[in-house]
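Engineer: A single structure is presented below for examination.
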Ligand code: F6R
């Protein structure tokens, strides 16, 4: 695990976009595993800038997103499909047919999970998986639990996760209670992983993830076992690591 410390969110976003951009330059038909939430928004803005400046070409890129709320249609303004369209896909030359987000509304949830696992395999695996991290160290929506779940699955969101995400909805009652998420094996099979974290609210999760024991109660801690995992975090997110003298 390589840890890159940045002064602030802006520097974090630029560095993250540089790494993602380099993957796309080296492999124009790369499969990018993408994340939503507030953390990657700055990174997506930088990628859009790279495209506008003619440095990045997404025409052959394919993408698979980590997760989607159960019950939300793709045109719901809080669905992760909508998020991806508005924060990245609508602004670069990616072919939307090559972008994938789990469906939040299929009748047969189990079949959807199987379809998504197969899709990732059919694409030849993920070249780079971008991750944010929850305050409880979740990745995707793999919440702390007693075992790592391998494949795409339906998960019941922790109250803390729903509260954290309520800022995007009119009220907490509107935050879905369940979501589809890639599992830990889907994520760990990516050739390269890029985890981003900013702000004091992530300091404990970042410390536990990078320096604590590997256990499903701290889902992101499994990333310590990945051969090519880069963590980019700002000073606030790394503050506990510094306080504990491990960085
Ligand atoms: C989003 C996702 C989540 C978020 C995490 C952090 O696709 O999978 O794991 O990355 O909840 O969210 P933010 O960035 O909003 O703090």
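Only the coordinates and a few stated rules stand behind these numbers; no lab work does. Fair warning: this is a prediction, and the values are worked out from it, not measured in the lab. Ideal geometry is used to build each Cβ from the backbone, glycine not excepted, and the neighbour counts take in all protein chains shown.
Engineer: Does the stretch 114-247 classify as rounded, prolate or oblate by the C-alpha gyration tensor (a ≥ b ≥ c root eigenvalues; a/c under 1.5 gives rounded; else a/b over b/c gives prolate, otherwise oblate)?
Structural biologist: Details: a/c = 1.81, a/b = 1.11, b/c = 1.63.
In terms of gyration-tensor shape, oblate.
Engineer: For residue 18 and residue 145 in one chain, what is 0.36 nm times their gap in residues minus the Cα-Cα distance, to one decimal in nm? Each step should come with its number before you reach the end.
Structural biologist: Details: separation 127, 0.36 × 127 = 45.72 nm, distance 3.38 nm.
Gain on stretching residue 18 to residue 145: 42.3 nm.
Engineer: Could you list 81, 162 so that the one with the fewest beta carbons within 10 Å of its beta carbon is first and the one with the most is last?
Structural biologist: Numbers: 81 24, 162 17.
So the residues, fewest neighbours to most, are 162, 81.
Engineer: Under the classification rounded if a/c is under 1.5, otherwise prolate if a/b is larger than b/c and oblate if not, where does the stretch 23-71 fall, given a ≥ b ≥ c as square roots of the Cα gyration tensor eigenvalues? Don't jump to the answer; show the numbers that get you there.
Structural biologist: Values: a/c = 2.77, a/b = 1.47, b/c = 1.89.
Oblate is the answer for the stretch 23-71, as a/c is 1.5 or above yet b/c matches or exceeds a/b.
Engineer: What nm value, rounded to one decimal, do you get for the distance between residue 1 and residue 111 when each label is placed 7 Å out toward the C-beta?
Structural biologist: The two pseudo-label positions are separated by 4.0 nm.
Engineer: Can you show me the helix-derived [θ] at 222 nm for the chain, built from DSSP H runs with n ≥ 4 at -39,500 (n - 2.57) apiece and divided by the number of residues, rounded to the nearest 500.
Structural biologist: Details: 8 runs with 78 residues, N = 247.
So the calculated ellipticity at 222 nm is -9000 deg cm²/dmol.
Engineer: Want the number for residue 156 to residue 118: 0.36 nm per residue separation, take away the alpha-carbon distance, what's left? Show your work: numbers first, answer last.
Structural biologist: Details: separation 38, 0.36 × 38 = 13.68 nm, distance 2.27 nm.
Using 0.36 nm per residue and subtracting the Cα-Cα distance, I get 11.4 nm.
Engineer: In what sequence do 106, 155 fall when counting other Cβ within 10 Å, fewest first? Each step should come with its number before you reach the end.
Structural biologist: Numbers: 106 14, 155 21.
Listed from fewest to most nearby Cβ atoms, that is 106, 155.
Engineer: Choose one answer from 86, 161, 39: the residue with the largest mean-square fluctuation in a GNM of the chain with alpha-carbon springs under 10 Å.
Structural biologist: Of 86, 161, 39, the most mobile in the Gaussian network model is 86.
Engineer: A follow-up question, please. Connecting C-alpha atoms closer than 10 Å in a GNM of the chain, tell me which of 172, 222, 193 has the biggest fluctuation.
Structural biologist: Result for the chain, Cα springs under 10 Å: 172 fluctuates most.
Engineer: Right, next: Rank the residues 145, 229, 113 as a footprinting-exposure proxy: fewest other Cβ atoms within 10 Å of their Cβ go first. Display every interim value, and only then the final one.
Structural biologist: Values: 145 13, 229 23, 113 20.
Least crowded to most crowded, the residues run 145, 113, 229.
Engineer: Moving on to the next point. Classify the stretch 81-131 as rounded, prolate or oblate, taking a ≥ b ≥ c as the square roots of the eigenvalues of its Cα gyration tensor: rounded when a/c is under 1.5, otherwise prolate if a/b is larger than b/c and oblate if not.
Structural biologist: Values: a/c = 2.20, a/b = 1.35, b/c = 1.63.
It comes out oblate by the Cα gyration axes.
Engineer: Also: Restricting to bridges with both residues inside the chain, how much of the DSSP beta-bridge set is antiparallel, in percent to the nearest 5? Walk me through the numbers on the way to the answer.
Structural biologist: Details: 8 of 30 bridges.
Rounded to the nearest five, the antiparallel share is 25 percent.
Engineer: Continuing with this model, one more query. Please build a GNM for the chain, connecting alpha carbons under 10 Å apart, and tell me which residue among 186, 98, 136 fluctuates the most.
Structural biologist: 98
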